[in-house]
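**Q** One structure follows; several queries about it will come next.
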Amino acid sequence: MSGLTAPLRRATAVARGSLSTKLTLFYSLLFAMAVALILVGAKTGISRNAEHMIRSEMAASAKVFDQVAAMRYAQLGDASTVLAGDFGFRSAVATDDAPTIGSALDSLRSRLQLDQAFFVSVDGTVIGYRGQLTASDTDELLSALQDGRARGVLRIGKTRFNAAASPVKAPVTFGWVVFGNALDAREMAQLGKLSPIDLAPRIVPAATLTTTERSGATSERDAHGERILRQASPIASFRRDEPQMLLLQHSVTKALNDYRPMLWLLLGCGIIGVVLAGAGSFLLARRITRPIIVLKTAAMHVAKGDYTQVAVTTDDELGDLAVSFNQMVDDIGARERQITHMALHDGLTGLANRILLREHLSATFGRIGNGRRQALFCLDLDQFKVVNDTLGHPTGDALLCEIARRLGTFAGSGFVARLGGDEFALVLSEDHRTFDRLAHELIRMVAEPCIVNGHRIVPGTSVGIAILGDDGSDPVTLAKNADLALYRAKHDGRGGYRFFEAAMDAEARKRRQMELDLHDAIALGQLSLMFQPLFDLSEARVTAFEALLRWNHPVRGLVPPLEFIPLAEDTGLIVPIGEWVIREACRVARAWPEHVRVAVNVSPVQFRNPGLAAVILQALSESGLPPQRLELEITESLFIDNPAATLASLHSLRALGVRVALDDFGTGYSSLSYLRAFPFDKIKIDRSFIIDLLNGDGATAIIKSITTLAEALGMETTAEGVETSDQLDILREQGCSHIQGYYFSKPIFERDVRRMLDDAHQGMTRLSA
């Protein structure tokens with residue numbers, strides 16, 4: 001029996017019996033097949049050996065029979081020669097003394113124990129033959145003697161004789177002395193005794209045999225289901241026209257019958273062996289399967305999470321298997337605990353992840369009635385992307401770990417999780433501090449400077465707060481509302497916090513619906529362009545139109561650009577929308593006079609798209625608009641994140657032949673280094689300076705500085721938002737080269753552009769007024 005035992009449960013008898021039965025049947029069948037092969041091999045070997053033995057005996061017996069026949073022919077021949085040479089007998093033959101001839105033949109027949117001894121004269125007279133001779137037999141015998149036949153089988157009537165003949169000469173041939181013994185059953189039996197097996201020799205005419213048999217080869221015949229081996233050999237014959245052959249035959253079937261007892265004995269032993277093998281296999285199978293069933297039962301418990309082990313009391317292979325199984329169970333448990341920890345925790349900081357946060361919130365919702373209010377604080381780091389881009393991702397990861405450590409310390413017994421990227425979440429209770437105070441302290445704690453990888457970093461954060469129960473009754477809703485509050489906090493300004501309000505959800509829904517509608521705006525033809533003219537003060541004519549995007553929603557009506565443009569930038573829809581604007585603007589401008597350009601605003605998101613240059617080339621190619629008539633307007637904010645990449649992209653656009661203008665110049669990010677690094681074609685002065693022109697607070701001096709700088713660098717200047725003649729006069733005096741605003745024209749439709757260009761005289765009069 002095995003040394004394995006189940007510590008908790010035993011396997012069922014059905015499972016054990018199934019495997020044991022299979023093994024028993026397998027080994028029993030295997031042994032039975034071996035016995036069957038032995039029996040088949042024994043039978044085949046015996047059959048082949050018996051057949052070979054019979055063939056060998058036939059060949060040997062044929063030679064023996066030939067030798068015996070030759071010896072008997074020699075004896076008969078010698079006796080007949082002696083008689084034929086006797087002087088008295090020759091005298092009796094010469095004198096035709098029949099009684100003397102007959103007496104001599106009878107005497108010799110008795111003395112030599114011959115069946116026949118007779119004399120045949122040359123005229124056919126036969127003396128001394130015992131029996132009746134027909135005329136035909138006499139003629140055939142005489143013919144054979146005259147042909148010189150002296151030895152062989154002689155057939156007279158239906159009787160065959162071994163015969164020998166000698167001529168009687170005195171000195172001429174008077175006749176022949178013929179001696180013979182009948183080849184009857186007794187004689188054939190005597191011949192058969194010369195072989196160790198019964199070959200049943202007999203003399204048959206050659207004409208009665210097949211061609212194969214006449215050739216002397218051994219052949220096989222089927223006689224009533226019995227296999228007979230036959231072999232014929234030629235023998236001497238007195239008659240040339242009737243050759244005789246010695247036929248030997250033996251039954252293979254009867255020869256094999258002698259071996260049947262041995263085969264039955266082998267079969268009986270084989271059956272007994274199969275039974276013994278089956279019994280032994282069953283016992284062996286039970287010995288093997290019992291510990292396997294124990295292992296199977298333990299494995300099923302492991303699959304259910306119950307890390308059952310098996311006891312080991314032997315040191316054989318099964319014991320080694322049990323030891324390995326127990327080690328495997330330990331390893332599986334350790335790996336499962338590790339996998340579970342990895343599935344529920346963040347790999348970088350070791351904090352709980354979003355899944356574990358959801359489970360924690362679910363459990364917390366079940367304990368809401370304990371009198372303590374709890375809230376979910378969602379926060380992310382301000383300008384974390386700048387840290388990654390400037391100091392590298394290893395430093396960014398180290399900063400995240402430092403923030404995680406601070407949050408863990410701050411939360412105390414609370415719950416802290418990292419949601420991904422630079423987003424974190426805390427579940428805190430309002431015990432001794434209000435949620436407002438917790439938020440203030442949290443922001444202040446995160447904002448404390450730290451040294452990370454040798455770099456001094458001052459992190460910042462924005463916080464969104466959702467109260468359990470009040471702002472959500474399930475983890476999903478609560479997390480969504482905390483995210484909405486965080487979004488509003490970031491929107492209102494970095495470094496602050498906001499509590500969730502119901503209006504935020506409505507606003508988010510509205511924003512989401514607008515995003516869905518914006519997806520379909522291009523395909524449904526809801527987007528259109530309007531054009532606001534730019535006037536050249538020196539030439540007193542329109543030299544360009546700025547393309548302005550409009551969205552005519554079927555339900556909301558005309559949606560202000562300030563509402564949907566930021567949404568398009570946040571969702572990435574600004575890229576396909578911007579492509580459509582560029583294509584449409586080029587198509588429309590192709591029909592304008594050659595001195596009139598079209599200006600298109602390029603969003604920072606669209607500008608960073610690597611396919612922008614290809615879009616511009618395709619739009620110019622499709623419309624046929626010359627590159628110099630397309631002007632791209634970019635903002636100064638592009639230079640904040642990556643100035644080098646921005647300058648490289650600007651030079652690639654300039655290489656296409658298009659014009660580049662710097663829009664909203666002077667709004668807070670201006671740097672003279674940008675103007676020196678890239679030769680813009682135009683600087684557009686922000687409308688905030690134009691509004692302040694009449695207030696006398698220094699706006700005029702700023703505009704004068706900008707126009708002077710632009711003139712020195714060979715750039716044009718355009719003043720945006722001109723609405724009065726006084727503003728126009730000041731701008732003309734300060735050297736501004738172009739104006740744009742409601743003073744001259746609001747944005748107009750495509751169909752009105754041609755009318756405005758045709759009415760150029762009125763415009764020139766108004767500008768010169």
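**Q** Filter segment 372-388 for residues that are open to solvent by less than 20 Å² (accessible area, probe 1.4 Å), closer than 20 Å to ASP470 by Cα and not small (Gly, Ala, Ser) and give the result.
**A** LEU376, PHE377, CYS378, LEU379
**Q** Of all the residues that make up segment 541-574, how many are closer than 20 Å to VAL598 by Cβ and either hydrophobic (A, V, I, L, M, F, W, C) or outside any strand (DSSP E or B) (or both)?
**A** The qualifying residues number 10.
**Q** Take the residues in segment 172-183 that are open to solvent by 20 Å² or more (accessible area, probe 1.4 Å) and among the β-branched types (Val, Ile, Thr); name whichever of them is nearest to ALA69 (Cα to Cα).
**A** THR173
**Q** Further, regarding this structure: Tell me yes or no: at least one residue of segment 426-447 is touching a residue at least 12 places away in the same chain (Cβ under 8 Å), open to solvent by 30 Å² or more (accessible area, probe 1.4 Å) and under 14 Å from ALA398 (Cα atoms).
**A** No: zero hits.
**Q** Could you go through segment 83-91 and let me know if any residue there is under 30 Å from MET245 (Cβ atoms), more than 60 Å from the chain's Cα centre (by Cα) and at pLDDT 85 or above.
**A** Within segment 83-91, not a single residue is under 30 Å from MET245 (Cβ atoms), more than 60 Å from the chain's Cα centre (by Cα) and at pLDDT 85 or above.
Yes/no per residue for (1) open to solvent by 20 Å² or more (accessible area, probe 1.4 Å); (2) under 12 Å from PHE665 (Cα atoms); (3) charged (D, E, K, R):
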site	(1), (2), (3)
ILE685	no, yes, no
PHE689	yes, yes, no
LEU694	yes, no, no
ALA699	no, no, no
ILE702	yes, yes, no
ILE706	no, yes, no
GLU711	yes, no, yes
GLY714	yes, no, no
THR717	no, yes, no
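**Q** Could you tell me which residue of segment 636-666 is most open to solvent (accessible area, probe 1.4 Å), considering only residues that are in a strand (DSSP E or B), at pLDDT 85 or above and not aliphatic (A, V, I, L, M)?
**A** ARG659
**Q** Going through ARG556, ARG509, ARG494 one at a time, which residue ends up being in contact with an Asp or Glu (Cβ under 8 Å, 6 or more places away or on another chain), over 30 Å from ASP729 (Cα atoms) and either open to solvent by 20 Å² or more (accessible area, probe 1.4 Å) or of a type in the set (S, T, N, Q) (or both)?
**A** So the residue among ARG556, ARG509, ARG494 that is in contact with an Asp or Glu (Cβ under 8 Å, 6 or more places away or on another chain), over 30 Å from ASP729 (Cα atoms) and either open to solvent by 20 Å² or more (accessible area, probe 1.4 Å) or of a type in the set (S, T, N, Q) (or both) is ARG494.
**Q** Give the residues of segment 392-404 that are of a type outside the set (D, E, K, R) and either under 27 Å from THR477 (Cβ atoms) or open to solvent by less than 60 Å² (accessible area, probe 1.4 Å) (or both), sorted by residue number.
**A** Those that are of a type outside the set (D, E, K, R) and either under 27 Å from THR477 (Cβ atoms) or open to solvent by less than 60 Å² (accessible area, probe 1.4 Å) (or both): GLY392, THR395, GLY396, ALA398, LEU399, LEU400, CYS401, ILE403, ALA404.
**Q** Taking segment 734-755 as the search range and keeping residues that are open to solvent by 40 Å² or more (accessible area, probe 1.4 Å), at pLDDT 90 or above and not in a loop (DSSP other than H, G, I, E, B), which one is farthest from ALA699 (Cα to Cα)?
**A** The qualifying residue farthest from ALA699 (Cα to Cα) is ARG751.
**Q** Keeping to segment 437-471, report how many residues are of a type in the set (D, E, K, R) and modelled with pLDDT under 90.
**A** Residues in segment 437-471 being of a type in the set (D, E, K, R) and modelled with pLDDT under 90: 2 in total.
**Q** Shifting gears a bit: Any idea which residue in segment 512-538 is least open to solvent (accessible area, probe 1.4 Å), counting only those that are assigned to a loop (DSSP other than H, G, I, E, B) and in contact (Cβ under 8 Å) with a residue 60 or more places away in the chain?
**A** Ranking the qualifying residues of segment 512-538, first place goes to LEU537.
**Q** Within segment 273-290, how many residues are open to solvent by less than 40 Å² (accessible area, probe 1.4 Å) and more than 13 Å from PHE26 (Cβ to Cβ)?
**A** So the count comes out to 1.
**Q** Anything in segment 208-229 that is modelled with pLDDT of 80 or more, surrounded by 16 or more Cβ atoms within 10 Å (Cβ to Cβ) and out of contact with any helix residue (DSSP H, G or I) (no Cβ under 6 Å at 6 or more places or on another chain)? List them, or say none.
**A** Within segment 208-229, LEU209, ILE228 qualify.
**Q** Of everything in segment 185-207, what is open to solvent by 60 Å² or more (accessible area, probe 1.4 Å) and either without any contact (Cβ under 8 Å) to a residue 60 or more places away in the chain or in contact with a Phe, Trp or Tyr (Cβ under 9 Å, 6 or more places away or on another chain) (or both)? Give them in sequence order.
**A** Of everything in segment 185-207, those that are open to solvent by 60 Å² or more (accessible area, probe 1.4 Å) and either without any contact (Cβ under 8 Å) to a residue 60 or more places away in the chain or in contact with a Phe, Trp or Tyr (Cβ under 9 Å, 6 or more places away or on another chain) (or both) turn out to be ALA185, ARG186, GLN190, LYS193, LEU194, ASP198, ARG202, ALA207.
**Q** For the structure I just gave you, tell me whether THR349 is among the hydroxyl-bearing types (Ser, Thr, Tyr), open to solvent by less than 70 Å² (accessible area, probe 1.4 Å), farther than 16 Å from PRO475 by Cα and touching a Lys or Arg at 6+ places or on another chain (Cβ under 7 Å).
**A** Judged against the criteria, THR349 is a match.
**Q** If we only count strands (runs of 3 or more DSSP E) wholly inside segment 174-267, which ones have 2 or more residues that are in contact with a Pro (Cβ under 6 Å, 6 or more places away or on another chain)?
**A** 244-251
The values are calculated or read from the model by the stated rules, or taken from the named source; none is laboratory data. Only a predicted model underlies this, so the values are computations on that prediction, with no experimental measurement involved. A quick note on method: Cβ atoms are made from the backbone with ideal geometry, for glycine too, and the neighbour counts reach across all protein chains shown. Heavy atoms of the whole protein, side chains included, go into the accessibility calculation; ligands, DNA and RNA do not. Shrake-Rupley method; radii C 1.70, N 1.55, O 1.52, S 1.80 Å.
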